Amino acid sequence: MKTIFLYSTFALFAFSISPQIKAQGGQNKERVEAMKVAFITRKVGLTATEAQQFWPVFNQFEAEQENLRKRHRNEKTSAMDDFSTISDAELEKLVDGEIIFRQQELDILKKYHPQFKKVLPIRKVALLYKAQEDFQRELLKKIQERAGKRDL
């Protein structure tokens, strides 16, 4: 249960930094993806055989998450920036939509969790969730460092 909560937190965090990555351009996104693959492979300790089975499942998992996030971003309006300009009914719809979005993210994780367990031992599945969280934290730190350097 704690792992699912932590992973949900990670997913929300990933959703919040995704636009920052895209704003930097496609080339940086590719570089970040390569860094993520290397980071997860190293942290989880994937063997060549495990990696061959794992990455197609993980890539499919991430593609579903990204499609969900894109739909969610498209459904949101600029009204989220200024709650004072929208009605209570519209605000309720936005807030309810956020809860639905979070449940859909969890549903994707619940769909892929058994698949991860089929291709990896449970200890490596746990390491995967931790590695994803660690990678996001490290990525945010790098983004903040870059932003700090630009401010100087």
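Take the residue pairs LYS43/LYS124; LYS43/LYS149; LYS36/LYS118; LYS36/LYS117 and return only those whose Cα atoms are more than 18 Å apart. Beyond 18 Å: LYS43/LYS149; LYS36/LYS118; LYS36/LYS117.
Note on LYS93: lysines with a C-alpha under 28 Å away, same-chain residues under 8 apart excluded, are LYS22, LYS70, LYS76, LYS110, LYS111. Label-to-label distance, ASP134 versus ALA147, with points set 7 angstrom from Cα along the beta-carbon direction: 2.4 nm.
How much net charge surrounds ASP88 when only other residues with a Cβ under 15 Å from its Cβ are counted (Lys, Arg +1; Asp, Glu -1)? Present the calculation step by step, with values, prior to reporting the outcome.
On the way: positive: LYS93; negative: ASP82, GLU90, GLU92, ASP96.
For residues surrounding ASP88, the net value is -3.
Let me check I've understood the local charge: for ARG123, count other residues with C-beta under 15 angstrom from its C-beta, Lys and Arg +1, Asp and Glu -1. What total comes out?
Numbers: positive: LYS43, LYS117, LYS118, LYS124, LYS130; negative: GLU50.
Value of the local net charge: +4.
At an R0 of 41 angstrom, the distance between the Cβ atoms of GLU66 and LEU91 translates into a FRET efficiency of 0.95.
Here, each number is a calculation from the coordinates, and none is a lab measurement. Predicted, not measured: the structure shown is a model, and the values here were computed from it. When we count neighbours, we look across all protein chains shown, and the Cβ atoms used for this are built from the backbone with ideal geometry, even at glycine.
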